[in-house]
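Let me begin by presenting the structure, written as structure tokens, before commenting on it.
The values are calculated or read from the model by the stated rules, or taken from the named source; none is laboratory data. Keep in mind the model is a prediction, meaning the values are calculated, not measured. Cβ coordinates were reconstructed from backbone atoms using ideal geometry, including for glycine residues, and neighbour counts include every protein chain displayed.
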Amino acid sequence: MAVEIKKVKYLPELRKVAELADEIWHECFPGIITEAQIDYMVEKFQSLDAMCRQIEEQGYTYLSVYDGGELCGYIGIKPENDERLFLSKLYLRSDRRGRGIASIMLDKVAEEARILGKTSVYLTVNKHNDHAVSVYKKRGFEVTDLIVTDIGNGFVMDDFVMTLKLE
Ligand SMILES: CC(C)(COP(=O)(O)OP(=O)(O)OC[C@H]1O[C@@H](n2cnc3c(N)ncnc32)[C@H](O)[C@@H]1OP(=O)(O)O)[C@@H](O)C(=O)NCCC(=O)NCCS
């Protein structure tokens, strides 16, 4: 069965995305940020409540990724008021990595950006998330800024800003 990517429209599916986010974040971020920061960021950005607020109040859309009918990843996007689309989240469960599914996900993001009339996609990625940075570079993103964001509770996000210009 092919990879399927679709907009999350209903609460039960968003709840499953929140569960998947919790699993993926606790698997992929140890070694990059502390467990305490992972717990804090999951609650602040990826809990069901947080994602509901992002969708209802901040213009976010979540897309779920299915492989063989099984939920295995998700994407979060938000159109900015200018010509850019913000790619806020791009996450794939570890057992589905290394198969090109992220490229399909990034193609979908570019498609959504074009539908919205945007000319670029940008994202923030932890400076030490080497694999994700390599994937983004391979897919045409360039580092366009460095940003340190205070997210409260004594934690900061130490990120590259990366941008993809759409043709
Ligand atoms: C980031 C993530 C989505 C990438 O998914 P993935 O399955 O590892 O990537 P894919 O196998 O689909 O590869 C995507 C592309 O990058 C290329 N690529 C993969 N690893 C690479 C590397 N180390 N160097 C250069 N290119 C690489 C692939 O060849 C492919 O390009 P192509 O389709 O043009 O051939 C996934 O690793 C993930 O969810 N990681 C944990 C969460 C995370 O860090 N998310 C990003 C937060 S900002």
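Residues being surrounded by fewer than 16 Cβ atoms within 10 Å (Cβ to Cβ) and near the ligand (Cβ under 9 Å from one of its atoms): count how many of those fall in the stretch 80-103.
Applying the first criterion (surrounded by fewer than 16 Cβ atoms within 10 Å (Cβ to Cβ)) to the stretch 80-103 yields 80-83, 94-95, 97-100, 103.
Then drop every residue that is not near the ligand (Cβ under 9 Å from one of its atoms), which leaves 94, 97-100, 103.
Adding up the residues that qualify gives 6.
Okay, residues lined up against (1) modelled with pLDDT of 95 or more; (2) over 21 Å from residue 29 (Cβ atoms); (3) not small (Gly, Ala, Ser):
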residue	(1), (2), (3)
59	yes, yes, no
67	yes, yes, yes
73	yes, no, no
100	yes, yes, no
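Give me a count of the residues in the stretch 108-138 that are among the acidic types (Asp, Glu), away from the ligand (no atom under 12 Å from the Cβ) and exposed (fewer than 13 other Cβ atoms within 10 Å of the Cβ).
Initial filter on the stretch 108-138 (among the acidic types (Asp, Glu)): 111-112, 130.
Applying the additional criterion that residues be away from the ligand (no atom under 12 Å from the Cβ) yields 111-112.
Keeping just the survivors that are exposed (fewer than 13 other Cβ atoms within 10 Å of the Cβ) gives 111.
Number satisfying all stated conditions: 1.
Hey, any hits in the stretch 139-153 for a residue that's free of Cβ contacts under 8 Å to residues at least 60 places away in the same chain, surrounded by fewer than 18 Cβ atoms within 10 Å (Cβ to Cβ), near the ligand (Cβ under 8 Å from one of its atoms) and not in a loop (DSSP other than H, G, I, E, B)?
Here is the first cut: in the stretch 139-153, the residues free of Cβ contacts under 8 Å to residues at least 60 places away in the same chain are 139-150.
Subsequent filtering for residues that are surrounded by fewer than 18 Cβ atoms within 10 Å (Cβ to Cβ) retains 139-140, 142-150.
Now restrict to residues that are near the ligand (Cβ under 8 Å from one of its atoms): 139.
Keeping just the survivors that are not in a loop (DSSP other than H, G, I, E, B) gives none.
No, that holds for no residue.
Does residue 77 qualify as being touching an Asp or Glu at 6+ places or on another chain (Cβ under 7 Å) and within 7 Å of the ligand (Cβ to nearest atom)?
Details: touching an Asp or Glu at 6+ places or on another chain (Cβ under 7 Å): yes; within 7 Å of the ligand (Cβ to nearest atom): no.
When the stated conditions are applied, residue 77 does not pass them.
Among the residues of the stretch 120-139, is any hydroxyl-bearing (Ser, Thr, Tyr), over 30 Å from residue 36 (Cβ atoms) and within 17 Å of the chain's Cα centre (by Cα)?
Just the residues of the stretch 120-139 that are hydroxyl-bearing (Ser, Thr, Tyr), to begin with: 120, 122, 124, 134, 136.
Narrowing further to those that are over 30 Å from residue 36 (Cβ atoms): 120.
Narrowing the set further to residues that are within 17 Å of the chain's Cα centre (by Cα) leaves 120.
The answer is yes; a qualifying residue exists.
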